[in-house]
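Working notes, beginning with the structure itself.
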Amino acid sequence: MPKTLFDHVWDAHIVRPETPDTPAVLYIDLHLIHEVTSPQAFTELRQRGLRVRRPDRTLATMDHSTPTTPRNALGIIPVIDPQAIAQLDQLRKNCADFGIPLFELGSANQGIVHVIGPEQGLTQPGMTIVCGDSHTSTHGAFGALAFGIGTSEVGHVLASQCLLQSRPKTCAVRIEGQLHPGVTAKDIILALIAKYGVGGGTGHVFEYMGEAMRALSMEERMTICNMSIEGGARAGMVAPDETTFAYIAGRPYAPKGADFDAAVARWRTLPSDPEAVFDKEMFLDATSLAPMITYGTNPGMGIPIDAPVPTPEQMPDAGSRQELDAALSYMKLEPGKPLLGHPIDVVFIGSCTNSRINDLRQVAHHLRGRKVADGIRVMVVPGSQQVKRQAEEEGLDTIFKAAGAEWREAGCSACLGMNADQVPPGKYAVSTSNRNFVGRQGPGARTLLASPLTAVASALTGVVTDPRTLLDQE
Amino acid sequence: MEPITTFAGKAVALPIDNVDTDQVIPAKYLKVTDKSGLAEGLFTVWRYLPDGTPNPDFALNRPEAAGATVLVAGRNFGCGSSREHAPWALAGYGFKAIISPYFADIFRGNALKIGLLPVTVDEETYHELLSHIEEDPETSVTIDLAAQQVILPGGRAVSFPIDNFARHCLLNGIDQLGFLMQQDEDICSYEAASPITLNTHL
């Protein structure tokens, strides 16, 4: 029977098959952990007297509750919040006690968990990868089966390197055609979620395919897979190809020499068989897409940037009208009015969705020799220390600072409102992150999700701006 | 974990679709290393007014909702973040079951792990439950896990799906880790045959 990419990876990781009475025991190749969702799992291990089965398949970083404030005179990133200090100390102790390697705050490799995995070459095709973080779907860009888990499951993987899982359904997401200038990977995923809704992928694993996907870089594929969870899919995958292999080659944890060649030969067998059947299909025409922006309080509430905010009359049922009313009331936006030209207060460029070097290069390209609009706070937060170093080697930091933007340390930052980087109540932020939920970027914060290109265009004007105007100026 | 068999409880309605886990509990409450204080953060944006006092209009704050153990929630409940703090907060507050037309995948799995029962019902049953609660805020529903049924106030029994293994664990008050730890032999065989050579200790 022909198999999908998902089937290939799933079937290769079955330790014990699913039975009518028990789920499958699925082996996990790589377990990434961070300070927020792991402490209670280690407590469980200690209470039961269990060890970590494979510390050599586990890696920890610090990213969520960490500050991104510049280093002090001693080169240290100062942590002030006592709760964050305790959480980071607990992770240090857990890693030391159980022999797990840790990318310490501010050290050379530290960064957002979904940025460091790929950049270190830890993330490889055909692997199963989990983390106590829903954006683990990011790693699916490499043809890995990667998904977020809760803390109980973090404990399961620490103790057994396995998870109990029922087989999810598969969904082919075909993205055909070619993107127009000014339209990016972020706009693809925002358009997909706007079309199929935040629950559209529930119970399914996405496989993104089609002409537009093939043309994307690894970083762009990661941006798309990252937000699979925003479409309800626990995982999103892209078949590995030459772009994938070239990205992985030479990275620290990637196989070397003959081992790399053998791995590539194995990875070439992963793509879906031509006759493979999916449980469901979705479709998007990349050629017809405009830059996207969200107006509401879930990532499915997105529109082409030049479209008006939807009206209740456009909604299909009473439930969605009520949802729209509540969202627009929180966002203080008027139905039927354009978002273009709406004043903003903050621009956040960062997060596991859009904080990689390509994102920063794109932003810097348009900030070079210019100034951000008066009164606008622009935060540029690299996804990792390695991205930060690379950006500084290329002089991007100088461009950001000269333009009046903040150049910060690596971390999740203003994406999730659990460190000092927050959007003040009632203020509007154009953010390159992944969630616009009520209070996500801080109590009362009003988030407009968009691409880095739209973010920089809006940073320069101080109002929501179509990024295609930047291209017209070139 | 306490075994769950049959229980009856007062139901409270939160008929909002796509309630994300940031609404269930915002990230600022996630800076703990244990499970303490999470119930205080439950639905904090809705439960409290900006001055910190309880919002009298929020369903959970109404006097008749006191002691409710069943939450009837809108579609796609628990979407977004994988934080298990969300089911911890709900269970800590006193909820034993959430009834919804459908749940987000990660939330559903997390809830089952800690004995907070995610009960998926059809649209008709969902609306019937909402009507019952609107007419009578003291409405109680019975959930029979062994029979996989919700018994509505009028006596109508509605089946709900739950995988056999999760049901077995909940009925017997055992967690899933014990079962996994018994698979050691198969796990060792699997590891010996795996072609993947990754080592995080570079």
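The values are calculated or read from the model by the stated rules, or taken from the named source; none is laboratory data. Treat the numbers as computed from the prediction; the structure is a model and nothing was measured. So basically every Cβ, Gly included, is an ideal-geometry build from the backbone, and we count neighbours across all protein chains shown. The accessibility values were calculated without ligands, DNA or RNA, using every heavy atom of the protein model including side chains. Shrake-Rupley method; radii C 1.70, N 1.55, O 1.52, S 1.80 Å.
Please determine whether any residue of the range A:29-50 is closer than 23 Å to residue A:154 by Cβ, in a loop (DSSP other than H, G, I, E, B), within 8 Å of chain B (Cβ to nearest Cβ) and more than 21 Å from the chain's Cα centre (by Cα). Yes: the range A:29-50 contains one or more residues that are closer than 23 Å to residue A:154 by Cβ, in a loop (DSSP other than H, G, I, E, B), within 8 Å of chain B (Cβ to nearest Cβ) and more than 21 Å from the chain's Cα centre (by Cα).
Among the residues of the range A:307-339, those identified as open to solvent by 60 Å² or more (accessible area, probe 1.4 Å) and either touching a strand residue (DSSP E or B) at 6+ places or on another chain (Cβ under 7 Å) or within 30 Å of residue A:411 (Cα to Cα) (or both) are A:308, A:332, A:337, A:338.
Scanning the range A:51-76 for residues that are charged (D, E, K, R) and either closer than 15 Å to residue B:84 by Cα or facing chain B (nearest Cβ under 9 Å) (or both) turns up A:53, A:54, A:56, A:57.
Regarding the range B:45-59, can at least one residue be identified that is under 16 Å from the mean Cα position of the chain (by Cα) and either more than 9 Å from every other protein chain (Cβ to nearest Cβ) or modelled with pLDDT of 95 or more (or both)? Talk me through it step by step, then tell me what you get.
Narrowing the range B:45-59 to residues under 16 Å from the mean Cα position of the chain (by Cα): none.
Within the range B:45-59, not a single residue is under 16 Å from the mean Cα position of the chain (by Cα) and either more than 9 Å from every other protein chain (Cβ to nearest Cβ) or modelled with pLDDT of 95 or more (or both).
Just for the range B:61-86: of the residues that are hydrophobic (A, V, I, L, M, F, W, C) and over 16 Å from the mean Cα position of the chain (by Cα), which one is nearest to residue A:320 (Cα to Cα)? Residue satisfying both the conditions and the ranking: B:65. The residue list A:15, A:52 contains one member that is farther than 30 Å from residue A:275 by Cα and open to solvent by less than 50 Å² (accessible area, probe 1.4 Å), which is A:52.
Just so you know, in the range A:285-304 the residues that are over 17 Å from the mean Cα position of the chain (by Cα) and among the β-branched types (Val, Ile, Thr) include one that is surrounded by the most Cβ atoms within 10 Å (Cβ to Cβ), and it is A:297. Please go through the range B:74-84 and give me each residue that is surrounded by 24 or more Cβ atoms within 10 Å (Cβ to Cβ) and either farther than 18 Å from residue A:132 by Cβ or within 8 Å of chain A (Cβ to nearest Cβ) (or both), ordered by number. Passing the criteria: B:76, B:77, B:79, B:80, B:81, B:82, B:83, B:84.
Here's the yes/no breakdown for (1) under 15 Å from residue B:202 (Cα atoms); (2) open to solvent by 30 Å² or more (accessible area, probe 1.4 Å):
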| residue | (1), (2) |
| --- | --- |
| A:63 | no, no |
| A:83 | no, yes |
| A:89 | no, yes |
| A:100 | yes, no |
| A:112 | no, no |
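Taking the criterion of being open to solvent by 20 Å² or more (accessible area, probe 1.4 Å), within 11 Å of another protein chain (Cβ to nearest Cβ) and in a helix (DSSP H, G or I), the only residue of the range B:85-102 that qualifies is B:88.
For the range A:282-311, the tally of residues that are in a loop (DSSP other than H, G, I, E, B) and of a type in the set (Val, Ile, Thr) stands at 4.
Counting only residues that are within 23 Å of the chain's Cα centre (by Cα) and assigned to a helix (DSSP H, G or I), how many does the range A:5-28 have? Total satisfying the criteria: 4. Beta carbons closer than 7 Å, at least 6 apart along the sequence or on distinct chains, pair a first residue in the range A:277-288 that is farther than 8 Å from residue A:172 by Cα with a second that is part of a helix (DSSP H, G or I) for A:284/A:188; A:284/A:191; A:284/A:192; A:284/A:195; A:286/A:188; A:286/A:212.
Before we move on, is residue B:156 within 11 Å of chain A (Cβ to nearest Cβ) and among the charged types (D, E, K, R)? Lay out the reasoning, then the answer.
On the way: within 11 Å of chain A (Cβ to nearest Cβ): no; among the charged types (D, E, K, R): yes.
Criteria not met by residue B:156.
Within the range A:277-284, is even one residue of a type in the set (Phe, Trp, Tyr) and open to solvent by 60 Å² or more (accessible area, probe 1.4 Å)? Break it down stepwise before answering.
Our first condition is that a residue be of a type in the set (Phe, Trp, Tyr); within the range A:277-284, this holds for A:278, A:283.
From what is left, the residues that are open to solvent by 60 Å² or more (accessible area, probe 1.4 Å) are A:283.
Yes - at least one qualifying residue is present in the range A:277-284.
Within the range B:141-178, the set of residues being out of contact with any helix residue (DSSP H, G or I) (no Cβ under 8 Å at 6 or more places or on another chain) and either part of a helix (DSSP H, G or I) or open to solvent by less than 10 Å² (accessible area, probe 1.4 Å) (or both) comprises B:143, B:160, B:164, B:167, B:168, B:171, B:172, B:178. Please go through the range A:60-97 and pick out each residue that is within 22 Å of the chain's Cα centre (by Cα) and either charged (D, E, K, R) or over 22 Å from residue A:350 (Cα atoms) (or both). A:63 - this is the single residue of the range A:60-97 that is within 22 Å of the chain's Cα centre (by Cα) and either charged (D, E, K, R) or over 22 Å from residue A:350 (Cα atoms) (or both). Here's a check for you: in the range B:108-140, which residue that is touching a residue at least 40 places away in the same chain (Cβ under 8 Å) and of a type in the set (S, T, N, Q) is most open to solvent (accessible area, probe 1.4 Å)? Only one residue fits best here, namely B:140. Checking the stated criteria, residue B:105 turns out not to satisfy the condition of being of a type in the set (D, E, K, R), open to solvent by less than 10 Å² (accessible area, probe 1.4 Å) and either closer than 25 Å to residue A:166 by Cβ or away from chain A (no Cβ under 14 Å) (or both).
Screening the range B:163-202 for residues that are of a type in the set (A, V, I, L, M) and more than 7 Å from chain A (Cβ to nearest Cβ) and picking the one that is farthest from residue A:160 (Cα to Cα) gives B:171. Among the residues making up the range A:148-169, a single one is open to solvent by less than 10 Å² (accessible area, probe 1.4 Å), under 29 Å from residue A:195 (Cα atoms) and outside any loop (DSSP other than H, G, I, E, B): A:148.
Reported count of residues in the range B:5-43, each being more than 7 Å from chain A (Cβ to nearest Cβ), open to solvent by 20 Å² or more (accessible area, probe 1.4 Å) and either assigned to a helix (DSSP H, G or I) or on the phi > 0 side of the Ramachandran plot (or both), is 4. When residue A:410 is tested against (1) touching a strand residue (DSSP E or B) at 6+ places or on another chain (Cβ under 7 Å); (2) open to solvent by 10 Å² or more (accessible area, probe 1.4 Å), exactly one condition is not met: (2).
For the range A:223-267, residues that are out of contact with any strand residue (DSSP E or B) (no Cβ under 9 Å at 6 or more places or on another chain) and more than 10 Å from chain B (Cβ to nearest Cβ) total 20.
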